[in-house]
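Q: Next up is a structure, given as structure tokens.
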Amino acid sequence: MKNKVILSLFIGLLTFSFFSCNPIEKREVLENSTNIDGVTLVATQSTQGGNEITLEMTTPGITGYWDYTLGKALTNKVTFIWPIPGTATFTYTGTLGKEFFSKTIDVQVDQLDHALDQDWYDLVSDNTSEGKTWVFAGAPGDGTNYWYMSAPYNWAELWWNAGGGDMPPIDVNGSMTFDLDGAANYIYLAEPGGTPEVGSYVLDVKNQILDVNGPNILGGGITPGYDIGNHDGVYQIISLTEDEMILYVSDNSWATGWTWHFKPEGTK
């Protein structure tokens, strides 16, 4: 009997010790610090109707980022030069505390009084609303390297000269026009006199990326027998000058690279 009493006391003490050693857990519950209406977005222009724009989210306790089409800023405040006249819409995405949100603000740009990065003028010309038309810098069977399979690690290392050989793209005689006439407009023609296909584009100067939306670039769609280009329309810019544009993807079909060489329409 004495041993049973001692055993019962021991078990009781052990149980008490177990529960007393486990701290009471305090759970933190996320709460919203405000609602979407309480988030204040402010846009200022350095000149009246000008294209140097500063975007700022001024509400305390909110974190997020700006998407200003030309890029993203992981901060509450960003200043940039906008290249397109007209009404522009910019988006701030962040968290209220326990949920995410997106909110937009419109800015009216009436004049391009601040110079753009030179890449913009090289792509669309100095007459930004009229734009600029690009064509392949070569022709079928001429031996030039205007559309070719390249190494996935080097745009200039030629593996197969398809365009300059006997397998040109189906739109080899087509054209691409880029302008800034109220928007970043992209116009694709598969052949002279064909039906224009209209899309848009983003020129990421900082990261040297050309992103076309809608129709793909010349030689970027599906040519019978092989699949070329980036189906998302995203291309690395190797060279962009007044006289040439060289684009590249390192992850083309068949685990190769592919390179495009364009020139302004009407030039040699």
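The values are calculated or read from the model by the stated rules, or taken from the named source; none is laboratory data. Owing to the predicted nature of the structure, the values given are computational and were not obtained by experimental measurement. All Cβ positions, glycine included, derive from the backbone under ideal geometry; neighbour counts span all protein chains shown.
Q: Does VAL198 satisfy the condition of being within 18 Å of GLU130 (Cβ to Cβ) and at pLDDT 95 or above?
A: Answer is yes for this residue.
Q: Please go through the stretch 216-252 and pick out each residue that is touching a helix residue (DSSP H, G or I) at 6+ places or on another chain (Cβ under 6 Å) and either among the aromatic types (Phe, Trp, Tyr) or modelled with pLDDT under 80 (or both).
A: ASP227, the sole residue that qualifies.
Q: Now, a different point. When the stretch 49-67 is examined, which residues are found to be surrounded by fewer than 19 Cβ atoms within 10 Å (Cβ to Cβ), in contact with a His (Cβ under 7 Å, 6 or more places away or on another chain) and not in a strand (DSSP E or B)?
A: From the stretch 49-67, those surrounded by fewer than 19 Cβ atoms within 10 Å (Cβ to Cβ) are 49-50, 52, 54, 56, 58-61, 63, 65, 67; that's our starting set.
Keeping just the survivors that are in contact with a His (Cβ under 7 Å, 6 or more places away or on another chain) gives 50, 52.
Residue satisfying the conditions is GLY50 alone.
Q: Continuing with this model, one more query. Select from the stretch 68-104 the residues that are among the aromatic types (Phe, Trp, Tyr) and crowded, with 17+ Cβ neighbours inside 10 Å and write down the one among them that is farthest from GLU31 (Cα to Cα).
A: Here the answer is TRP82.
Q: Take the residues in the stretch 168-196 that are in a loop (DSSP other than H, G, I, E, B) and either hydrophobic (A, V, I, L, M, F, W, C) or under 19 Å from PRO83 (Cα atoms) (or both), then tell me which one is nearest to the chain's Cα centre (by Cα).
A: My answer is ALA184.
Q: Go over the candidates ASN51, ASN76 one by one and state the one that is at pLDDT 95 or above, among the polar types (S, T, N, Q), closer than 30 Å to PHE262 by Cβ and under 21 Å from the mean Cα position of the chain (by Cα).
A: Result of the check over ASN51, ASN76: ASN51.
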